[in-house]
């Protein structure tokens, strides 16, 4: 545990550095927004394309893996939704809280950290987790809130969701990478070097951006945020572990990567959605802040447990 904690500390130290820069005002919100955009559209996309282009979809795609993650995540999604409804929160707030309970920072934190700590072979399973999060649960919150407000599920909502997925650079880069691999095309050395240099900026840039964005978060509504952080950091990886290790025949290494990915703190894009729809942004903000701080210990413990 201590050894893994020491290995994860540099990642969280970079988050802390970004937090300090943002909190002091040296790195204003405008700078954070542009750094996030650079990482999201360029650096992380280059990293994902390069990884996917060197894999084949057959090596990565595993239906037992997908079902284990999907069902385990859905169980916690429904639990958090039920708790919110029992607290007399509306459907929209319940949908946002459910996102906090299951959507982790897989893109900005999970891919670079798990690839380094668990080996580059972890990238394939992490990309499958990311795909399920984006395609299934990222779409679900938009559908629920839009249907609730319109009183029905219109074709326009589904078209908008589909367009959003097709414009998401993480999905696009993964799909293009696998397409390149399927064509059995070698990556020319200059292109490989370009992708390597650009992709190398993803890890420090993403972690710094996470920290700088946390500087604007508040820790209000501690009790609810604590429950949502517990759901994300403890219940989510536990549910996924049960499905992956005891129900579905998931290969042990891939199961460990899945469980580690499920243990990641609440993703920043949940706050963007909450703010966009005007639904409980302060609650989400507190959940991101608390879960990220606590994850220094919880993520280290999970990785130590799944590591061979």
Count - residues of the stretch 53-84 that are assigned to a helix (DSSP H, G or I) and at pLDDT below 90: 5
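Would you please name the residue that is modelled with the lowest pLDDT, looking only at residues in the stretch 188-215 that are outside any helix (DSSP H, G or I) and in contact with a helix residue (DSSP H, G or I) (Cβ under 6 Å, 6 or more places away or on another chain)? Break it down into steps so the answer makes sense when it comes.
First pass over the stretch 188-215, keeping only residues outside any helix (DSSP H, G or I): 188, 201, 215.
Then keep just the ones that are in contact with a helix residue (DSSP H, G or I) (Cβ under 6 Å, 6 or more places away or on another chain); that gives 201, 215.
On the way: 201: 91, 215: 80.
So the residue we want is 215.
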Hey, residue 127 surrounded by fewer than 16 Cβ atoms within 10 Å (Cβ to Cβ) and part of a helix (DSSP H, G or I) or not: no
Members of the stretch 250-287 found to be closer than 21 Å to residue 123 by Cα, at pLDDT below 90 and over 16 Å from the mean Cα position of the chain (by Cα), listed by number: none
Number of positions in the stretch 159-177 that are closer than 18 Å to residue 43 by Cα and part of a helix (DSSP H, G or I): 10
Residues located in the stretch 92-107, provided they are in contact (Cβ under 8 Å) with a residue 60 or more places away in the chain, surrounded by fewer than 24 Cβ atoms within 10 Å (Cβ to Cβ) and under 16 Å from residue 148 (Cα atoms): 92, 93
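Looking at 228, 245, which is the one that is surrounded by 21 or more Cβ atoms within 10 Å (Cβ to Cβ) and either outside any loop (DSSP other than H, G, I, E, B) or touching a strand residue (DSSP E or B) at 6+ places or on another chain (Cβ under 7 Å) (or both)?
On inspection, the qualifying residue turns out to be 228.
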Any hit, the stretch 23-33, residues being surrounded by 14 or more Cβ atoms within 10 Å (Cβ to Cβ), touching a residue at least 12 places away in the same chain (Cβ under 8 Å) and under 18 Å from the mean Cα position of the chain (by Cα): no
Qualifying residue in the stretch 150-169 (condition: closer than 19 Å to residue 96 by Cβ, surrounded by fewer than 15 Cβ atoms within 10 Å (Cβ to Cβ) and in contact with a helix residue (DSSP H, G or I) (Cβ under 6 Å, 6 or more places away or on another chain)): yes
Residue under evaluation residue 264, criteria (1) surrounded by fewer than 24 Cβ atoms within 10 Å (Cβ to Cβ); (2) part of a loop (DSSP other than H, G, I, E, B), criterion not met: (1)
The lone exception for residue 297 - which of (1) in a helix (DSSP H, G or I); (2) within 27 Å of residue 43 (Cα to Cα); (3) modelled with pLDDT of 90 or more it fails: (2)
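Being in a helix (DSSP H, G or I), free of Cβ contacts under 8 Å to residues at least 12 places away in the same chain and either in contact with a helix residue (DSSP H, G or I) (Cβ under 7 Å, 6 or more places away or on another chain) or over 20 Å from residue 107 (Cα atoms) (or both) is the requirement here; does residue 44 meet it? Break it down into steps so the answer makes sense when it comes.
Details: in a helix (DSSP H, G or I): yes; free of Cβ contacts under 8 Å to residues at least 12 places away in the same chain: no; either in contact with a helix residue (DSSP H, G or I) (Cβ under 7 Å, 6 or more places away or on another chain) or over 20 Å from residue 107 (Cα atoms) (or both): yes.
So residue 44 does not fit the description; no.
The values are calculated or read from the model by the stated rules, or taken from the named source; none is laboratory data. Because the structure is a prediction, the values reported are computed rather than measured. Backbone-built Cβ (ideal geometry, glycine too); neighbour counts: all protein chains shown.
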